[in-house]
Amino acid sequence: MSSGARTGQRRAAPRPGKRPDVLRTRPGLPAAPDAYDRAPAVALWLASLGLGLVVGIQLATRSPLSGPGALPTELGRWCALLGTYAAMLVVLLVARIPALERSVGLDRMVAYHRRLGPAVILLIAAHVLLVTIGYAMSESVSFLGESWTFLSTYSWLLPAFAGFALMVMAGVTSWRVARRRMKYETWWVTHLYLYLAIALAYMHQISVGQQFVTHPWARWIWIGLYVITFGALLVFRVGLPLYRSLHHDLRIHAVVRESPDTVSVWISGRGLDALAVRGGQFFGWRFLTPQMWWESHPYSLSAGPDPRYLRITVKDLGDHSRSLARLRPGTRVVAEGPYGVFTADARHGERVVLLAGGVGITPIRAVLDDLPADVRTDLLYRAPKTQALILHKELEAIAAKRSALRVRYLVGNRRDYPIDARTLIYLVPDIQSADIYVCGPESFIHAVREAGHVLGVPAHKVHHEAFSFHSPDTYELGSGKVVR
Ligand SMILES: Cc1cc2nc3c(=O)[nH]c(=O)nc-3n(C[C@H](O)[C@H](O)[C@H](O)COP(=O)(O)OP(=O)(O)OC[C@H]3O[C@@H](n4cnc5c(N)ncnc54)[C@H](O)[C@@H]3O)c2cc1C
């Protein structure tokens, strides 16, 4: 296939040339209400209740302090309780609680997790500093002298301090600049220490924490909050994926080469429709071979749900994605999920534009399977060269059977096909009334969202799935700038 835009009927669409100037025609579309359903509201309500409990514990257990150091000690104790409670929320945000995951989406939950994380470290750091200053002032000793007394005589304070150091390390390595310089696996292992950090701090809280030592009811509430937090983590991140993968007997069925650097992996299983997976969703995949069992990587389904098979299509981008080609039929698979809200039912209308960049075609291909055949759909598939167009035979086969679907390939470099408002409105004149689905490299997603913004497509009608662990939490549209 030579470069140029092509339709399902293999006729190259002319390059965007003389295009009408339509930038000012913004439809006055009302902003659709936020898709806020019960789960997030209940979660917010429970989190507020928890916060009320924590504040209640501090108010009910505080002993009136007087004399030098009283205020810093009091503030230090507030920081300890609020910081630890925030740490529990940070863990719950990535515990993959299905109801929340389905309504909010993993990428947003992770974004909230990333935003709340620094507050935990700041509050715990303030606790360490303020309590040490407070006690040093009340005992008229130096800050270092008091620190040594704490670490050498108070039970569980040395492990707690080690926990604090691990928390700071995990925090610093999660800082975006640092994260970009680390291999995902290295970052992931470092991040695991956060759980150890929280566990190490736990014992000094209930064994020397003024709120808990003399108030058993407060101690039991505190233990209860820990049990709920780590219970949710174990159930939804370990128990449920293991149970489901064994119950559905997930195994490698076949590995099919799609292109020189891309393979499709077919996973067989029993009664997979019970997984209630939607086209466009992804799983965290763990392949139980001696080399790969320890790491889980996210890959989207590249075909809609099927009671017998799940399919992923993966581009060789590094050691894990490369090793998929060597998977043997029969190998057991643990699938964590399904995750993601990049699905056909996220749309707001019956006009859809699908934009795929490179391997970003995988969830788009799966969304197609869930989209009703009469929904008028344009699929624009961007690739640098024809060989990079994977799954195109399937797309054409679907287009041949579905008159409401038009598939066009934008093969060439960015100069040939600049992804901007002009190009999109030229290729799809009524794009302003459509739901836009975009998946691909970060810059591609940003360009499409920027174009949607310029064309006045409401933000809630632009759905994106970023294949990147580094993707920014938010895009500042209109500025061309990526925030954070
Ligand atoms: C929601 C989602 C869906 C995805 N779907 C697909 C798909 O359908 N097909 C496909 O080819 N790729 C997909 N990816 C990308 C895929 O997860 C990475 O390419 C893969 O994990 C790379 O791992 P590696 O060891 O081969 O390469 P590495 O060299 O380790 O990493 C290559 C790049 O992938 C990122 N990465 C590595 N591990 C992870 C991880 N566990 N989570 C997130 N990012 C990671 C790294 O930050 C780096 O930018 C998806 C990513 C996400 C977040």
- Where the accessible area of the chain is counted over protein heavy atoms with a 1.4 Å probe, how much of it, in %, is carbon and sulfur? 64
- Task: Quick one: give the max-minus-min coordinate of the C-alpha atoms of region 90-129 along each principal axis, largest first, in Å.
- Result: 40, 13, 8
- Accessible area (Å², 1.4 Å probe, nearest 10) - M137: 90
- Item | region 141-292: projected area of the alpha-carbon convex hull, averaged over directions, in nm² | 15.0
- Taking the Cα centre of the chain as the origin, how large is its charge dipole in debye, to the nearest 20, when only Lys and Arg (+1) and Asp and Glu (-1) carry charge on their Cβ atoms? 1560
- Task: Could you point to the residue in G50, F282, Y202 farthest towards the positive end of the chain's charge dipole, with +1 and -1 charges on the Cβ of Lys/Arg and Asp/Glu respectively?
- Result: F282
- Over every pair of different alpha-carbon atoms in the chain, take the mean of 1/r and invert it; report that Kirkwood radius in Å. 25.1
- Query: In Å², what does the accessible area per residue of region 241-373 work out to with a 1.4 Å probe?
  - Reply: 39
- Under 22 Å between C-alpha atoms is the cut-off here; go through the chain and count lysine pairs that meet it, provided they're at least eight residues apart or on different chains. 6
- Task: Using the charge dipole of region 309-400 (Lys, Arg: +1 at Cβ; Asp, Glu: -1 at Cβ; taken about the Cα centre), state which of V359, L327, L380 has its Cα farthest towards the positive end.
- Result: L327
- Query: Taking all pairs of different Cα atoms in region 386-456, averaging 1/r and flipping that mean, what Kirkwood radius in angstroms comes out?
  - Reply: 13.6
- What residue among G67, T153, L93 has its Cα farthest toward the positive end of the dipole of region 48-168, where the charges are +1 on Lys, Arg and -1 on Asp, Glu, each on the Cβ? L93
- Query: Rounded to the nearest whole Å², what accessible area per residue is found for region 184-223 with the 1.4 Å probe?
  - Reply: 49
- Task: Only Cα pairs under 8 Å and at least 6 apart count here; give the relative contact order of the chain as a rounded whole percent.
- Result: 16
- Message: Report for the chain the percent antiparallel among DSSP-assigned beta bridges with both residues inside it, nearest 5.
- Response: 60
- So how strong a dipole does region 248-339 carry about its Cα centre when Lys and Arg Cβ are +1 and Asp and Glu Cβ are -1, to the nearest 20 debye? 220
- May I ask you to evaluate 6.51 cos²θ - 1.76 cosθ + 1.60, the Karplus curve with θ = phi - 60°, for each residue of region 390-395 and list the ³J(HN,Hα) values in order in whole Hz, giving x for glycine and proline? 8, 6, 5, 4, 5, 4
- Message: How much of the pair distance distribution for region 268-309 lies past 14 Å, counting alpha-carbon pairs only, in percent?
- Response: 55
- Karplus-derived 3J(HN,Hα) from phi for region 297-312 (6.51 cos²θ - 1.76 cosθ + 1.60, θ = phi - 60°), whole Hz, x at Gly and Pro, runs 10, x, 9, 6, 5, 10, 8, x, x, 8, x, 10, 9, 10, 10, 10
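The values are calculated or read from the model by the stated rules, or taken from the named source; none is laboratory data. Worth saying up front: this structure is predicted, and the values here are computed from it rather than measured. As a convention, Cβ positions derive from the backbone with ideal geometry for all residues, glycine included, and neighbour counts pool all protein chains shown. Just the protein is used for accessible areas: all its heavy atoms, side chains included, with ligands, DNA and RNA removed. Shrake-Rupley method; radii C 1.70, N 1.55, O 1.52, S 1.80 Å.
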